[in-house]
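The values are calculated or read from the model by the stated rules, or taken from the named source; none is laboratory data. Computed from a prediction, not measured in an experiment: that's the story for all the values here. Reconstructed Cβ throughout: ideal geometry from the backbone, glycine too, with neighbour counts over all protein chains shown. Accessible surface areas use protein heavy atoms only, side chains included; no ligands, DNA or RNA. Shrake-Rupley method; radii C 1.70, N 1.55, O 1.52, S 1.80 Å.
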Amino acid sequence: DAGVHSKAWYAATCDRKTAEDALYKSNKDGSFLVRKSSGQDSRQPYTLVVFYNRRVYNIPIRFIESTRQYALGREKCGEERFDSVAEIVNNHQRTSLVLIDSQNNTKDSTKLKHIVRVS
């Protein structure tokens, strides 16, 4: 279990558009939620959605079969791995998360600060 159920930040049945709308409405840097990925791929079961600097970032959460752990974004050397999605959230409430804007090739970072609930 990824440790997402019963968490305030987990929006189980929320689609990408609903999640993005809710974050734009919050309009606070560091607003976030976790939703199920649209693709229903077991290797990428969830998406971390973060609002920063008037933009919404959808960051895939990967499941690594070999170690039964989770990691953010594309696979990279020396990446941080976590035993649950809840650990990813807890970690990034304390340490900054790097946000990469692939269109403008810019990097920002923010902590996960405000839980957004989707009604």
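At full extension, K17 and K76 could sit 18.5 nm farther apart than now, given 0.36 nm per residue minus the alpha carbon distance. In this label model, R94 and S66 are separated by 2.8 nm, measuring between points 7 Å along each Cα→Cβ vector.
Here's the picture: charge each Lys and Arg Cβ at +1 and each Asp and Glu Cβ at -1 in region 16-115, and of S66, Q103, F82 the one pushed furthest to the positive end of that dipole is Q103.
Across V56, V98, the residue with the most accessible area heads the list, and the full order at a 1.4 Å probe is V98, V56.
Taking all protein chains into account, the per residue accessible area for region 1-86 stands at 57 Å² (1.4 Å probe). Per residue of the chain, the DSSP helices (runs of n ≥ 4 H) give a summed -39500 (n - 2.57) that works out to -5500 deg cm²/dmol at 222 nm. The charge dipole of the chain, taken about the Cα centre with unit charges on the Cβ atoms of Lys, Arg (+1) and Asp, Glu (-1), comes to about 320 debye, rounded to the nearest 20. The Cα-based radius of gyration and maximum Cα-Cα distance (Dmax) for the chain are 13.3, 39 Å.
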